[in-house]
1. Relative to the Cα centre, what is the charge dipole magnitude of region 115-156, using +1 at the beta carbon of each Lys and Arg, -1 at the beta carbon of each Asp and Glu, and rounding to the nearest 20 debye?
2. Along the charge dipole of the chain, Cβ charges K/R +1 and D/E -1, which of 81, 20, 121 sits furthest on the positive end?
3. Rank by packing, highest mean first: peptides 110-123, 50-63, with packing defined as the count of other Cβ atoms within 10 Å averaged across residues.
4. In vacuum, with every alpha carbon of region 31-158 counted as one equal point scatterer, what does the Debye formula give for log10 I(q)/I(0) at q = 0.09, 0.11, 0.18, 0.22 Å⁻¹? Two decimals, please.
5. Calculated from DSSP H runs of 4 or more alone, at -39500 (n - 2.57) each and per residue, what is the 222 nm mean residue ellipticity of the chain, nearest 500?
6. Let me spell out the model: positive unit charges on the Cβ of Lys and Arg, negative unit charges on the Cβ of Asp and Glu, origin at the Cα centre of region 4-101. What dipole size does that give, in debye rounded to 20?
7. Quick one: of 6/37; 13/38; 13/124; 8/133, which pairs are farther than 28 Å apart, Cα to Cα?
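Every number here is computed from the coordinates shown, using simple stated rules; none is lab data. Here the structure is a predicted model, which means the values were calculated and not measured. FYI the Cβ positions are ideal-geometry reconstructions off the backbone, even for glycines, and counts take in every protein chain you see.
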Amino acid sequence: MESESKMKQYIVKTVNGKEQKVVDEMLSRLTDFGSMKKIRDQIGDMTYVEHMKGYIFVEAESQIVIEQLVGKTIVRTNILPMKNVKRVIGEVSNEEYNNYTKPKIPTDGLEIGTIATIQKGAFKGEQGIVLSKTEERVKIELLGDIPMIMELDGKDVI
């Protein structure tokens, strides 16, 4: 593999939920018997993160190499366009890449004592005061006629 310093991160827009299929198809095109094995050294890691549906990150020497890989080049080639790929968006800086791929904590933004709204379940739309929180769970006291304390997943509360 060539020097990593030449590699840059690019974003590829895919159909939501088809990120793994696109990565698998890209890898199969780059393998020994694939149609794009000649550019294998110009492509690095391919990743996607759960909270960014419809996007994958591809490390490559240039955007043109990725466009060739997915069959979305302006120049006519004999490579079929890859199914589930909408387009190559462009380059992202290392800082943006690190920010996008950083794991999201469901309870970020919720503080003890604030009023939160339940998004899922039987009490959807109800509001309550946050009593305690961990990275994954939140304990809320409902603000209804009958005070009730509930423990919920952090992603179910805003």
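1. On the way: 6 positive and 8 negative charges, 18 e Å.
Dipole magnitude for region 115-156 comes out near 80 debye.
2. 81
3. Highest-to-lowest ranking by the protection proxy: 50-63, 110-123.
4. Computed log10 I(q)/I(0) values: -0.48, -0.60, -0.93, -1.23.
5. Per the formula, -5000 deg cm²/dmol.
6. That gives a dipole near 600 debye.
7. Table pairs above 28 Å Cα-Cα are 13/124; 8/133.
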